[in-house]
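Peer 1: Here you go, one structure.
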Amino acid sequence: MSGFAAKLLTDNPAKTGIASYPGSTSEVSHAGVIWTGASSEYLVDDNVGGGFGTTDPAIVKFGTKRLFDGHNERVGNTAVYGAWHGRHGATVLIDLKAVYAVETVSASLRTNGRRGASTFIAQVSQDGETFEPLGTWGGERAVLDSEKEDAGRNVEVVISASDPVSARYVKVFMSHWDEAHTDRVLNQLVIGELAVWGEELPE
């Protein structure tokens, strides 16, 4: 993957510039970023249906800042690591602080027999109340650094809109659950980064 034409909207800062992951295999220059001051939070309201609104406690304790710290799952001990025996996962609400033309939501994660994402959903909204799907994830996983011995430790999943959608809020739900596994170690979600990509709206 050579990177998205859209610009990074989620301020994923790294120690040396902007994160290469997810969404680009090379460093993203400052020209490729719109500094939005985006913030994020986990949603933990059990009354919200459809998987959205409930985040497993094992994930909540890490804090959403780790999802935008500029490091993929392979680099350091920065990944959000959930190991639980629940069926929920992680729901993150991202506030871009203004309305943008949102095109893509991507995430880097670890994926193998014990970890990964069996569900990845992205929805967008202008008011934070009414959400619509950004697009549909077909289950594809792109290995970001296949030359590494443990290539499955840095895999990207992507949802893109067929046409840019005007939105301020992006809600992402991810989970990894397999009915065949009763051992919680086999139902883990390990997220390195989340990233939202898009453009400023025309005046």
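Peer 1: Would you mind ranking Arg141, Arg184 by Cβ crowding within 10 Å, fewest neighbours first? Intermediate results must be reported in sequence, preceding the final value.
Peer 2: On the way: Arg141 16, Arg184 13.
Ranking Arg141, Arg184 by Cβ neighbours within 10 Å, fewest first, gives Arg184, Arg141.
Peer 1: Give me the percent relative contact order of region 60-203, please, defined on Cα pairs under 8 angstrom at least 6 residues apart. If you can, show how the numbers build up before the last one.
Peer 2: Details: 348 pairs, mean separation 59.8, N = 144.
Rounded, it is 42 percent for region 60-203.
Peer 1: Using label points projected 7 Å from each Cα along Cα→Cβ, tell me how many nm separate Lys97 and Asp163, to one decimal.
Peer 2: A separation of 3.0 nm, rounded to one decimal place.
Peer 1: Can you compute the FRET efficiency between Val44 and Arg114 using 1/(1 + (r/R0)^6), with r the Cβ-Cβ distance and R0 = 25 Å? Round to the nearest 0.05. Mind showing how you got there, number by number?
Peer 2: Details: r = 25 Å, r/R0 = 0.99.
With a Förster radius of 25 Å, E is 0.50.
Peer 1: Long-range amide H contacts for Asp11: which residues qualify at under 5 Å (H placed 1.01 Å from N, peptide plane, sequence gap of 5 or more or a different chain)?
Peer 2: Those qualifying (amide H under 5 Å, at least 5 residues apart or on another chain) are Thr36.
Peer 1: For region 145-159, take each phi angle, set θ = phi - 60°, evaluate the Karplus expression 6.51 cos²θ - 1.76 cosθ + 1.60, and give the result in whole Hz per residue in order, putting x for glycine and proline.
Peer 2: After applying 6.51 cos²θ - 1.76 cosθ + 1.60, I find 9, 5, 6, 6, 4, 10, 5, x, 7, 9, 10, 10, 10, 9, 10 Hz.
Peer 1: State to the nearest 20 debye the size of the charge dipole of region 66-152 about its Cα centre, where the only charges are +1 on K and R beta carbons and -1 on D and E beta carbons. Please report the intermediate quantities before stating the final value.
Peer 2: Working: 9 positive and 12 negative charges, 84 e Å.
That gives region 66-152 a dipole magnitude of about 400 debye.
Taken together, the values in this text are just the output of simple stated rules run on the coordinates, not laboratory data. The model shown is predicted, which means the values in this text are computed figures rather than measured ones. In this analysis, Cβ positions are derived from the backbone assuming ideal geometry, glycine residues included, and neighbour counts consider all displayed protein chains.
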